[in-house]
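Structure first, then comments.
The values are calculated or read from the model by the stated rules, or taken from the named source; none is laboratory data. Since the model is a prediction, treat every value here as computed from it, not as a measurement. When we count neighbours, we look across all protein chains shown, and the Cβ atoms used for this are built from the backbone with ideal geometry, even at glycine. In case anyone asks, the SASA skips ligands and DNA or RNA and just uses the protein heavy atoms, side chains included. Shrake-Rupley method; radii C 1.70, N 1.55, O 1.52, S 1.80 Å.
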Amino acid sequence: MSVQAFSYQLRPGKFIDRGLFIELLQLLDRHSTRTTSLRDAVYIGFGGPCMEDHRALHAALGLSKMISIENDATVFLQQQFNRPLREISCIQIDAKDFVDEFDAHLRNHSISTTARKIIWFDYERADEVAGQLQSLQSLIGLANEGDVIRLTVNAQASALGNLRDGEQETSLRARRLVKLRDHLGDFVPADLSEDSTKGKTLPAAIHSAIKLAALAATSRSGKTFLPLLTVSYADGQTMLTVTGIVLEDDHVKPFLDATGIKKWPFYADGWDKIEKVSAAPFLTLRERMHLDQAVMGGRNRLPAKLDYLKSVQKVEAEGELVKLYRRYQRFFPRFQHVEM
């Protein structure tokens with residue numbers, strides 16, 4: 001479970017990913033049906049020391065019931081002091097144990113087992129992916145129609161091993177493949193190979209493992225776990241996040257028609273598309289101000305003063321950088337130092 005050791009101002013990729021998630025939830029809420037309304041949903045997630053995700057979802061959706069799960073005793077003490085909203089109930093428990101007694105924990109906090117749920121399990125341990133995917137399967141099995149489930153896992157290639165002195169790259173990839181198979185357990189994709197262990201390809205390989213777990217969880221159940229948003233980002237560690245909704249099989253098309261989500265620019269469109277937020281440019285506040293002016297003016301070229309960004313951001317065409325910035329512009333964090 002995530003301890004959130006780094007604040008969001010040091011993790012712009014995570015901030016953008018969360019912004020995309022919130023926009024998705026708002027889209028679903030605006031076009032909600034009887035089975036997908038989020039107005040009375042309960043949010044369950046890893047709060048970390050400051051419970052920033054809980055606070056952000058409460059601000060966006062006005063949720064009145066939220067649960068924060070935390071296994072670390074020290075972080076749990078921090079939560080007791082920092083809890084920003086009375087709507088948040090903090091539980092000191094391991095995520096797997098919480099899932100094992102899922103309905104009981106809901107009842108203990110006066111939450112109906114039939115309540116709509118938004119669940120985000122944000123993991124950091126790369127060596128526990130198999131167990132994390134088993135928890136995903138359990139959550140899908142426990143979910144009601146319209147429940148939104150979001151899983152974040154570590155997709156950092158170096159977590160599988162680094163190059164040793166005198167070692168060849170081919171040997172490193174072979175070692176990494178053995179470890180990756182061990183990490184994935186029963187969820188090893190058929191096309192997994194040594195090339196899957198590279199930094200650029202590992203998120204897609206783990207994405208395939210998540211797909212295997214989700215499809216197995218819904219096999220012969222009459223339910224579908226429909227992916228809505230899949231994001232990879234890198235703030236020191238490469239992470240992969242998959243967000244989906246649980247629906248009855250024959251309700252998938254009506255859901256797509258009612259929400260119009262296929263028109264959303266970030267829609268996952270099944271299991272094929274990963275939104276690579278890690279490609280978004282990292283910019284200073286001053287650079288952003290100049291780019292904002294260029295974007296507002298409809299320009300597809302960098303201002304002359306920012307021409308150096310082509311080298312800093314390692315892009316071949318300046319139009320590519322402007323295009324990336326425009327895509328994520330409204331999700332970029334805007335932090336300022338404030339004296340208290």
Seminar exercise, completed: Compactness check, segment 143-296: C-alpha Rg relative to the 2.2 N^0.38 Å globular estimate gives 1.25
Exercise. Most mobile of Gln134, Gln92, Gln156 per a Gaussian network model of the chain (Cα springs, under 10 Å)?
Worked result: Gln92
Exercise. Quick one: Karplus J couplings for segment 261-277, per residue in order, coefficients 6.51, -1.76, 1.60, θ = phi - 60°, nearest Hz, x for Gly and Pro?
Worked result: 5, 4, 8, 5, x, 9, 4, 5, 6, x, 9, 9, 10, 10, 6, 8, 5
Problem set entry | Isotropically averaged projected area of segment 96-204, using the convex hull of Cα atoms (one quarter of hull area), nm² | 8.0 nm²
Exercise. Along the charge dipole of the chain, which of Leu285, Val242, Leu184 sits closest to the positive end, that is, farthest toward it, with unit charges on the beta carbon of Lys, Arg, Asp and Glu (+1, +1, -1, -1)?
Worked result: Leu285
For this session: Over segment 41-116, give the accessible area per residue in Å² for a 1.4 Å probe, as an integer.
Result: 46 Å²
For this session: Report the trypsin sites (Lys or Arg not before Pro) located in segment 76-121 that are in a DSSP loop and have at most 12 other Cβ atoms inside 10 Å of their Cβ, or state none.
Result: Arg86
Exercise. At a 1.4 Å probe radius, carbon and sulfur cover how many percent of the accessible area of the chain?
Worked result: 49 percent
Seminar exercise, completed: With R₀ set to 45 angstrom, the calculated FRET efficiency between the beta-carbons of Leu285 and Ala216, to the nearest 0.05, is 0.45
Exercise. Which whole-angstrom value gives the distance between the alpha carbon centres of segment 66-98 and segment 275-330?
Worked result: 39 Å
For this session: Could you work out how far apart the two model spin labels at Arg39 and Thr201 are, taking each label as a point 7 Å from the Cα in the direction of the beta carbon, and quote it in nm?
Result: 5.0 nm
Problem set entry | Viscosity 0.890 mPa s, temperature 25 °C, Stokes-Einstein D of segment 217-340 from Kirkwood C-alpha radius, µm²/s | 142 µm²/s
Exercise. Between Asp250 and Arg164, 0.36 nm times their residue separation minus their Cα-Cα distance comes to what?
Worked result: 25.7 nm
For this session: Provide Rg over Rh for segment 73-149; use the alpha carbon set for both Rg and the Kirkwood Rh (inverse mean inverse pair distance).
Result: 0.97
Exercise. Which helices of the chain meet both criteria: a Cα extent of 15 Å or more along the helical axis and a mean Kyte-Doolittle score no lower than 0.5, with helices taken as whole DSSP H segments?
Worked result: 129-142, 202-218
For this session: Quick one: of Lys198/Lys273; Lys263/Lys305; Lys211/Lys276; Lys263/Lys314; Lys262/Lys323; Lys117/Lys323, which pairs are farther than 27 Å apart, Cα to Cα?
Result: Lys263/Lys305; Lys263/Lys314; Lys117/Lys323
For this session: Mind computing the radius of gyration and Dmax over the alpha-carbon atoms of the chain? Å is fine for both.
Result: 20.6, 62
For this session: Can you tell me how much longer the chain between Met296 and Glu320 gets when fully stretched, taken as 0.36 nm per residue apart minus their C-alpha distance, in nm with one decimal?
Result: 7.0 nm
